Every structure is written in C-alpha cells, then in structure tokens.
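Asker: I'd like to ask you about the structure that follows.
The values are calculated or read from the model by the stated rules, or taken from the named source; none is laboratory data. All figures in this text were calculated on a predicted structure; none of them were measured in a lab. Methodologically, a virtual Cβ is constructed for each residue, glycine included, from the backbone with ideal geometry; neighbour enumeration extends over all protein chains shown. Only protein heavy atoms, including side chains, enter the accessible area calculation; ligands, DNA and RNA are left aside. Shrake-Rupley method; radii C 1.70, N 1.55, O 1.52, S 1.80 Å.
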Protein chains: 4
Amino acid sequence: MKIPSRHALLLIDVINDMAFPESEALLKHALPAAKKIAALRKRLKKAGVPVIYVNDNFGHWQCDFQSQIKRCSSPESPGREVAKLLLPEDDDYFVLKPMHSGFYSTSLDVLLRFLQAETLILAGFAADICVLYTANDAYMRDFALVVPTDCVASEDAKGTRQALDHMKNRLKARVMESRYLHCG
Amino acid sequence: MKIPSRHALLLIDVINDMAFPESEALLKHALPAAKKIAALRKRLKKAGVPVIYVNDNFGHWQCDFQSQIKRCSSPESPGREVAKLLLPEDDDYFVLKPMHSGFYSTSLDVLLRFLQAETLILAGFAADICVLYTANDAYMRDFALVVPTDCVASEDAKGTRQALDHMKNRLKARVMESRYLHCG
Amino acid sequence: MKIPSRHALLLIDVINDMAFPESEALLKHALPAAKKIAALRKRLKKAGVPVIYVNDNFGHWQCDFQSQIKRCSSPESPGREVAKLLLPEDDDYFVLKPMHSGFYSTSLDVLLRFLQAETLILAGFAADICVLYTANDAYMRDFALVVPTDCVASEDAKGTRQALDHMKNRLKARVMESRYLHCG
Amino acid sequence: MKIPSRHALLLIDVINDMAFPESEALLKHALPAAKKIAALRKRLKKAGVPVIYVNDNFGHWQCDFQSQIKRCSSPESPGREVAKLLLPEDDDYFVLKPMHSGFYSTSLDVLLRFLQAETLILAGFAADICVLYTANDAYMRDFALVVPTDCVASEDAKGTRQALDHMKNRLKARVMESRYLHCG
C-alpha cells in the first residue's frame, strides 16, 4: 500500500509508565511492537507524514507532556524501554487525552483539520482499548484508517486479533504488516 | 459574595505573547487586571479553590504549556509582564485550547467533572472574546458563573462593558469587583 | 454578493411559541424579519441552497419537530404568525437543539459535513443570543458566515446592532441587507 | 440486581427498517430480543425509569422520529415486527443519532443530565456495533452500565458474546439476563 499525502501517524499511549498489574503481559507484546513503530515512524516522517502523540494524561492533570515523558522514561517506570524507543522529536505533534479515545475531550479533531489529514495510521497500545476506541471515533468522523498489525499490542494476542478483526470488518480499516506500507 | 466549595478559578489566556497589532491597547487594560488577578488567585488558593489555566496554544501545536510560558515571558514578548505576574504553580491545572472558547476541543469538561466544580470564576483576556465565549459555553453546560469586573480586560473599555452586561443579563453571571469575593 | 455553491441557510428558532414575558418586544421585530426570511429562503432554495431549521426543543424533549410546529402555530402561540410564514417544506432539513447554540449537543456538524456546506447564511432569532452563539461556534469550526441584517431580530434594536457588529468585526461575517444576496 | 432511581433505559436502533443485506441474520436474533425488551421496558416504566429511544436517522435527514416510525413499521420494512413490538409511548424520550454511537453528535448528554440519570440500561441492536459504541462512550462519561444479555442482539451470536465480554471486562458493565433486574 502506497502512502500518499493527507495521512497522519497517530502514536497512541506509547509514552506510558505501564504501572498497572497487567503491564508485564502488555510489555511482552509492546516492546517488539515499539521497535516496529520506531522504524515505521522514521520512514513515514521522511515521506512528510506528520506524527501525532495521542497520549493519556494518566490522571496527572497538572503535568504537561514533557513531564509525562520524564516520568514514563525514568528508571522506576516499567514502560521506560518502550518510551525511550519512541521519544517525540521537536516537530512532532501531541494531544493529551483524559480518557480512552483520542477524540474524546481533546483537540485532535481540530489538529487533524489543521493538518488536512484524511487517513489515519494507528499504532500503539492497547490495541483492544485505546487504539480501538480511537479507531471507532475516527470512523464516525469519516477518516480512513490504516492499522499496521505489528505496530499495535494488547495484553493478550486474542484481544489484539479481535480488535484488528473489528477494525477491518466494521471500520473498513486496511490492516496489514508495517512492511507493506510504502512511502512513495 | 462568599466563595463556598465546588468553585474553580479559570485564568483565560493570561500566558499570552500578545504579539498582535492591537496588543498595546489590550496591555493597557490587561496589566492592572493581572495585578488584581494575582491577588485574587492567592486568596482563592488559600481557600482551596483549584486554579485552571485555560490557555490558547496560539497555533503552536508542537509546544507544550511549559514552552508557551517560556516563550510568552521572554524579553521579546509584549505580554511578558502579565505572564510573569501570573506564572502557574506546581499544583495548578491547565488546558490548552486551540480556539476561542475554553470548552471547544479541550478536556476542560472532563477536568471540571473530575474537580467536581459547579461554579466558575472567570478571569483573563479578552473579556469580549475568549472570556465571553468560554462563559457562553459554560452557561450551556449548567455552570454558575462569577466574573470579577477588575480581573478581565479587552482592547477597549466599551467591549469589556458590553461583555460584562451580556454575562450578567444573559448568562446570569454574578458580576462584581474582586474585593467583594470573600473566601470563607 | 453572489451565492455560489457550498452554502446552507440556517433558520434559527423561527418555529417558536414565543411564550415568554419579553415576546411582545421580540415579535415586533421578528414579524417583519420573518417576511424577509420567507422571501430570501424562496430565492435561495430556487438556487439549490439547502435550508436547515436549527430549532430549539424548548425543553419539550418528548416532542418531535412536527409536534413543535403544530404547537407553535396553534392559536394560543404568540409566535404563530412567524411560524406560519416559515413552515418547513418536505425537502428541508432540521436539527433540534437543547441549548442556545445550534452546534451544542446536536447533529449540525455532521449534517453540514454531509451537505458539504462551507458558508452559512444565518437568519432567525434572537440575533443577540441563539444566532450569536451559533455564529461563534460556526466561526470556531471554520465556517464562513453571511448575516442578512433584515433577517435577524432581537428584543431591542441595540442588541441586534451589537450582535451584528460582533459578527462582522470578530467573526469576519459578511453583514448586509438580504436584497444584496444574489443567487446566480 | 435491584433498580434504584437515577436509571434510564436506552433503546438503541429498535426502530429500524433493517433494509440491509445481513438483516435476515440480525432479525433472527432481534425478534426474540425485542419481546424481552418489551417486557423489561414495561416493568421499568412502572418503576418510573425513563425510556429513551436512541435511534439512527439512517441518513434520512429530512425525516423526524414519527416519520421514521411510520417508515420502519410499514409492510415493506423487514424490521416492522421488531418496530411494532417497541413503538414509543407519548411519555418516552428520543434522540436521533447520525452515526453509531448514541453520544456522537446528539443531545443524549444533555438529556441524561436533564433526567439526572447515572446508570444506563442498554438494550437494542446491533450489540457489537451501535450498542457497543454507545457503551464505550457512556463509560468515558462516567455512566454506570447494565446490559441485559437477552435484550441485545447482533448478526451472529459470537459478535454478541464478544461485545458482552468487552462491556463486562473493560467497561465494568453489569451483564445478566433481564429477569434478574428487579424494580423495587
């Protein structure tokens, strides 16, 4: 699949302390996915695709994104390895979300209009919660969706598979491995 | 008027480079207002009222709030004096808004629900644009409004007066000088 | 001003029982405006511009639009003459709004996207409340605005004038008498 | 489970022409569910729980709810039997939704605030699309959820089961047969 213009890459909850009971299970799948995301993101940026961090504020309402990054990549953070693979660069965009969907109570809608994006490439965690909810909301807003299967992860493979099936069958997402995304 | 619990103080666009043609006119009114806001805010915080910066991102989508603060209080920023009087403290909240109203495409709704706020005290700039739009949207969402007349400012006094009239008559806002707000 | 494609005519709260204390004052200005709206609407429909009723539900959550129309054009309704001049036709669109702005908690956004409208022509009542709030919200969503001065009305002429000034100066609305809108 | 106050029953897409290729499969499960919904709704209304039709407009933007009902219960409508079992009564509420989620671009939020509802009982179709999306959005808005398993249906039993699992595990919904809902 060739990436034309009017795309945006959404990195969902990749800056994440993963400080919750099930994080070990998620990390097992998230770390290899993070490596794939890092590679994909490099290729997409070279092709001019804007990168948007769509990141939970994890209830830290008084922290801005830089503080979240510091916190999540600190030695105590179980999610530090994933975070360090995917640190934002100066020209990346970000949106802090208070809930699961990247569209709920955030500026994502306005930012995507500003960027004139029409197709969203979704990557990040967890495939069956925040990625799925963001995909549902994007679909209702008429965005086309691309989901690279090796760039999303959940606590268990079954959850990821069900979410990918839903996005493919219900949301008309194009679902494929990241290596099939060709950037011009 | 006595401030009970369930209030929140909204500081609207006080961190502002004021780098636009009419900024001189606005600054003339904004600087004295900023001093009043600083005093009010100190009293309200002592009484336990949460402070929320509801601040424009000024189209700087790649900057977080700390970067906006740095930019707006730098020597080149016409708005630096106002910004320096009203720098956020570690326990203050913030919301970056992309447009005029603090409720449009932001997390303000969710944050206010989290804080269990029912009455909003509005301060900041400009009284007849961003303060007014935020007031309109707050009213539609059933918030009670308090607007201290000496803590808002516009480019001209007429604009401020008309906005205050509208908020009082149409939005049932209680409108009075800040010294009449008593904190317990 | 020539009306090209991608316009929509919004009729704001024209189906209205006007059963409130100040309705006599509003009606004095609303009735002549309704006649102008009826003429404008006829011209615009002939030119292919879609007409959208953006109408309050007036707290009658259990009534649909047809019931509102019956209620507002009944002999007991002070607003019956205005309503009867502006009854919807089968091919007109409608949105029931629970609050002042036509965009707050309604499907207007999605309908306008469906109609591919980019410019909104605003008509109806009251110029300084529901028309103004809808204009503010439209502006934040990047719609261009046209406001025919003789097709809006408030309780008093001053309120209308201030609202028109605000829409012209702050929202970049084109403000002119309806006879200057030329439909191809 | 006993139904206290502050509940609302949401009937999702029950007035439905089901004029789509897969409707036969859905109808097979929807008809028995509609009978269960009719019985539950009777019990809940007697207990004072408000009933809200959260119904698609199916792209018929020019039709109001009464017209949708007429259309969907006409002899040509595959969904007529379901619709006739669940016709709204005069004191029922309704919201027309343009997309899958009952919260997206509708007044549902404001209506639920008006009704002071805190817990939503979800019934209708399809369990794995519109019911699920509405559940997701309700959860993000802090509503508690109850889903009677025999009052929802999808095209296939697997879809329903996965959706119920998601709502139970991810959205903390209480999931049980409708006969276990006791109304005081």
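Asker: May I ask for the net charge around A:M99, where only other residues with Cβ less than 13 Å from the Cβ of A:M99 are counted and Lys, Arg are +1 while Asp, Glu are -1? If you can, show how the numbers build up before the last one.
Answerer: Values: positive: A:K97, B:R113, D:R141, D:R170; negative: A:D13, A:D56, A:D137, B:D109, D:D137, D:D142.
Counting the neighbours of A:M99, the net charge comes to -2.
Asker: Then there is this: List, in order, the whole-Hz ³J(HN,Hα) value for each residue of region A:88-103 obtained from phi through the Karplus relation with A = 6.51, B = -1.76, C = 1.60 and θ = phi - 60°; use x for Gly and Pro.
Answerer: Listing the rounded values in order: x, 9, 4, 9, 7, 9, 8, 9, 8, 10, x, 10, 6, 7, x, 8 Hz.
Asker: Give me, ordered by chain and number, the residues 5 or more places off A:G79 or on other chains with an amide H under 5 Å from its own placed amide H.
Answerer: Here A:M18 satisfy the definition.
Asker: Placing the label point 7 Å from Cα along the Cα-to-Cβ direction, what are the distances from D:E118 to the equivalent spots in the other copies, shortest first, in nm to one decimal?
Answerer: Spacings between copies for this position, smallest first, are 1.4, 4.7, 4.9 nm.
Asker: Still on this structure, I have one more. Cross-link list C:K35/C:K97; A:K46/A:K172; D:K70/D:K172: which exceed 32 angstrom alpha carbon to alpha carbon?
Answerer: Correct reply: D:K70/D:K172.
Asker: Another question, then. Taking H placed 1.01 Å from N in the peptide plane, check which residues at least 5 places from C:M176 or on another chain put their amide H under 5 Å from its amide H.
Answerer: Residues meeting the criterion, in which the H sits 1.01 Å from N, are C:V147, C:T149.
Asker: Follow-up question, since we're still on this one. For the pairs B:K42/B:K84; A:K28/A:K158; A:K36/A:K158, note any where the Cα-Cα span goes beyond 18 Å.
Answerer: Long pairs (Cα-Cα over 18 Å): A:K36/A:K158.
Asker: Could you go through region C:109-114 in sequence order and give the Karplus-derived ³J(HN,Hα) for each residue, using 6.51 cos²θ - 1.76 cosθ + 1.60 with θ = phi - 60°, rounded to whole Hz, and x for Gly and Pro?
Answerer: Result, ordered by residue: 3, 5, 5, 5, 5, 4 Hz.
Asker: Using Cα springs under 10 Å in a Gaussian network model of chain C, which residue among C:I37, C:I129, C:I15 shows the largest mean-square fluctuation?
Answerer: The residue with the greatest mean-square fluctuation here is C:I129.
Asker: Long-range amide H contacts for B:A153: which residues qualify at under 5 Å (H placed 1.01 Å from N, peptide plane, sequence gap of 5 or more or a different chain)?
Answerer: Answer set, sorted by chain and number: B:G124, B:A127.
Asker: Moving on to the next point. Grab the Cα-Cα distance for A:K35 and A:D90, subtract it from 0.36 nm times how many residues apart they are, and report the gain in nm with one decimal. Before the final figure, lay out each step's value.
Answerer: Values: separation 55, 0.36 × 55 = 19.80 nm, distance 2.01 nm.
17.8 nm is the gain from fully extending A:K35 to A:D90.
Asker: In region A:1-81, which trypsin sites (Lys or Arg not before Pro) fall in coil by DSSP and have 16 or fewer other Cβ atoms within 10 Å?
Answerer: Details: sites: A:K2, A:R6, A:K28, A:K35, A:K36, A:R41, A:K42, A:R43, A:K45, A:K46, A:K70, A:R71, A:R80; in loops: A:R6.
Taking region A:1-81 and a limit of 16 other Cβ atoms within 10 Å, the loop trypsin sites (Lys or Arg not before Pro) found are A:R6.
Asker: For A:D156, which inter-copy label distances result when the label point lies 7 Å beyond Cα on the Cα-to-Cβ vector, reported in nm to one decimal and in ascending order?
Answerer: Nearest to farthest, the other copies are at 2.0, 6.8, 6.9 nm.
Asker: Continuing with the same structure: In nm, to one decimal, how far is the modelled label at C:F114 from the one at B:K28, with both set 7 Å along Cα→Cβ?
Answerer: 5.1
Asker: Among DSSP bridges having both ends in the protein assembly as shown, what percentage is antiparallel? Round to the nearest 5.
Answerer: Around 0 percent of the beta bridges assigned by DSSP in the protein assembly as shown are antiparallel ones.
Asker: Tell me the carbon and sulfur percent of the accessible area for chain A, rounded to whole percent, probe radius 1.4 Å.
Answerer: 51
Asker: Looking only at region D:44-67, which residues have a backbone nitrogen under 11 Å from a spot 7 Å from the Cα of C:S67 in the C-beta direction?
Answerer: The answer is D:65-66, whose backbone nitrogens lie closer than 11 Å to the label point.
Asker: Could you identify the residue of D sitting closest to the D-B rotation axis by Cβ and state that distance rounded to whole angstrom?
Answerer: In chain D, the Cβ lying nearest the symmetry axis toward B is D:D109, 5.
Asker: Would you please classify the overall shape of region B:108-149 from the alpha carbon gyration tensor, given that a ≥ b ≥ c denote the square roots of the eigenvalues, rounded means a/c under 1.5, and beyond that prolate means a/b larger than b/c while oblate covers the rest?
Answerer: prolate
Asker: Taking the Cα centre of each part, how many Å lie between region D:15-40 and region B:61-129?
Answerer: So the two Cα centres are separated by 50 Å.
Asker: May I pose another question? So, counting K/R as plus one and D/E as minus one, what does the shell of residues with Cβ under 11 Å around B:R141 add up to?
Answerer: Values: positive: B:R113, D:R113; negative: B:D109, B:E118, B:D137, B:D142, D:D109.
Taking every Cβ under 11 Å from that of B:R141, the sum is -3.
Asker: Considering only DSSP beta bridges where both residues belong to chain C, give the percentage that are antiparallel (nearest 5).
Answerer: Antiparallel bridges make up about 0 percent of those DSSP assigns within chain C.
Asker: GNM, chain A, Cα, under 10 Å: largest mean-square fluctuation among A:V95, A:V110, A:V49?
Answerer: Greatest mean-square fluctuation among the candidates belongs to A:V110.
Asker: Which ³J(HN,Hα) values, rounded to whole Hz and listed in residue order, are derived for region C:16-28 from phi using the Karplus coefficients 6.51, -1.76 and 1.60 in 6.51 cos²θ - 1.76 cosθ + 1.60 with θ = phi - 60°, glycine and proline given as x?
Answerer: 8, 6, 6, 8, 9, x, 8, 5, 4, 4, 5, 4, 4
Asker: Is the shape of chain D rounded, prolate or oblate, going by the alpha carbon gyration tensor and its root eigenvalues a ≥ b ≥ c, with a/c under 1.5 for rounded and a/b larger than b/c for prolate?
Answerer: Here chain D falls in the rounded category.
Asker: So what is the 222 nm mean residue ellipticity for chain C from helices alone, if each DSSP H run of at least 4 adds -39500 (n - 2.57) and you divide by all residues, rounding to the nearest 500 deg cm²/dmol?
Answerer: Taken over chain C, the calculation gives -11500 deg cm²/dmol.
Asker: Using a Gaussian network model of chain A whose springs link C-alpha atoms within less than 10 Å, name the residue from A:E81, A:E155, A:E89 with the highest mean-square fluctuation.
Answerer: A:E89
Asker: I would also like to ask the following. One decimal, nm, shortest first: give the distances between the label point of A:K28 and those of the same position in the other copies, each label point 7 Å from Cα along Cα→Cβ.
Answerer: 3.7, 7.0, 7.8
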